[in-house]
């Protein structure tokens, strides 16, 4: 890392204390850019990076709401509008107790370059609340969402900022949020994505992040004359991203043998397919938030898996299982150095991030030194926001596309992102390095737009 990059990172840490996820995202990003800044000093003189790490706008507000027993609760609401150089802010809303400024700033920062890679005209943002929807009644969630949107509506719009869902924000929450926005603004417009199909949503949006990550992994494997068909995958999580990934891997002839949750992971040597994929939706809809339910349902003793027992490993991560491809689909920092070493020892040939920054910086360096195929989330998990962008296009045209067209467009976008990563990494002297390719390509598009727009 150059002295300039070290100084920038030190300033970020000093100005944003106690935000380790944001520091990690910036460090991983700027490490890729030294060669770019050497060739293009205009970016340094215009202080492009210094401007990129500062949100254009940071909104924080209180969210008061009343539960079913009449007790008043106060949560915090956030929206980080990070960069709008290439389009309106775009990024999800996360409702989870872990939500804080550092996590949202890291997500918003990553979102800027992820959206840039899709080639669609979308800036980057992120938001949410420390509210936990799990265990709440529909009426409690509705009252919270209405209170949240009563403040947020002032700061968003179809040409300004278009939020989507994220962890804890599914179709139910998007519906309540959109209903309150429509009520307050007196207009029916595409201000949110992830909407219901009968009121402006897009087909395959829930599956899109997982689908897109598998398409990206498929392109990576092709560079080694391999394919998804016949490969064994370890997947973490069991939410929408994992659900989409398992579906598409199975469709393409691969086999997924793991899922994980806060309680541990399951190993199903027969593969997760058919009614097992459908059961993931029931797990997601339950308030249990545990993957043990899968083992209880499909173990041999239940009579549902006659060819073998599903094993449950409490408190552990799924990266010690022998697989060909690892696809983390849960949350940030779930692959640590010891996991990276275990995957390499077991012959894993590819790690494709379907979640946001699921690999620690130290673990990534181990993968890099081993020469493993490794795709960062800002490239590999761009399928979700890509289909959100397609949903925005359909909203503007008042014309829904069939599932096959959306899926085909998603495949084209992911293939193009893969090609962009390969070409850019070669152009800047690190062939095959998807991290450098994604970071540099994402940076260049946003940076050039910022230069064109002047000092704003």
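Read the figures in this text as sums done on the coordinates, not as results from a lab. Remember, predicted model here, so these are calculated numbers, not experimental data. Cβ atoms come from the backbone with ideal geometry, glycine included; neighbour counts cover every protein chain shown.
Packing here is the average count of other Cβ atoms within 10 Å per residue, and on that basis the peptides 311-318, 67-74, 326-333, highest first, run 326-333, 311-318, 67-74. Taking other Cβ atoms within 10 Å as a rough exposure proxy, 324, 138, 448, 161 sort from fewest to most as 138, 448, 324, 161.
The slack between residue 416 and residue 45, meaning 0.36 nm per residue of separation minus the straight C-alpha distance, is 130.5 nm. Restricting attention to region 70-141, close to 65% of DSSP beta bridges with both partner residues there are antiparallel. Classify region 325-398 as rounded, prolate or oblate, taking a ≥ b ≥ c as the square roots of the eigenvalues of its Cα gyration tensor: rounded when a/c is under 1.5, otherwise prolate if a/b is larger than b/c and oblate if not. The shape class here is prolate. Among 143-149, 286-292, 218-224, 117-123, sorting by the average number of other beta carbon atoms lying within 10 angstrom of each residue, highest first, gives 143-149, 117-123, 218-224, 286-292. The DSSP beta bridges internal to the chain are antiparallel in roughly 55% of cases. Which of rounded, prolate or oblate describes region 254-372 when judged by the alpha-carbon gyration tensor and an a/c cut-off of 1.5? Prolate is the answer for region 254-372, as a/c is 1.5 or above and a/b outweighs b/c.
Extension gain for the segment residue 71 to residue 455, taken as residue separation times 0.36 nm less the Cα-Cα distance, is 133.4 nm to one decimal.
Restricting attention to region 3-187, close to 70% of DSSP beta bridges with both partner residues there are antiparallel. The residue 198 and residue 409 beta-carbon pair, evaluated with R₀ = 25 Å, returns a calculated FRET efficiency of approximately 0.70.
If r is the Cβ-Cβ distance from residue 229 to residue 278 and R0 is 25 Å, what FRET efficiency results, to the nearest 0.05? FRET efficiency, residue 229 to residue 278: 0.65. Dividing the helix sum by the residues of the chain, where each DSSP H run of 4 or more adds -39500 (n - 2.57), gives a mean residue ellipticity at 222 nm of -14500 deg cm²/dmol.
Remark on region 160-232: Rg and Dmax equal 17.3, 55 Å (Cα only). Each residue in 280, 397, 414 was given a count of other beta-carbon atoms within 10 angstrom of its own, and listing them fewest first yields 397, 280, 414.
For region 3-187, the relative contact order comes to 22 percent (Cα pairs under 8 Å, sequence separation of at least 6). Using a/c under 1.5 as the rounded threshold, could you call region 317-456 rounded, prolate or oblate? The axes a ≥ b ≥ c are square roots of the C-alpha gyration tensor eigenvalues, and prolate needs a/b larger than b/c, oblate otherwise. Because a/c hits 1.5 or more and a/b fails to exceed b/c, region 317-456 counts as oblate. Only Cα pairs under 8 Å and 6+ residues apart enter the sum, and on that basis the relative contact order of the chain stands at 15 percent. Taking the number of Cβ atoms within 10 Å of each Cβ as an exposure proxy, the fewest-first ranking of 159, 185, 408, 96 is 159, 408, 185, 96.
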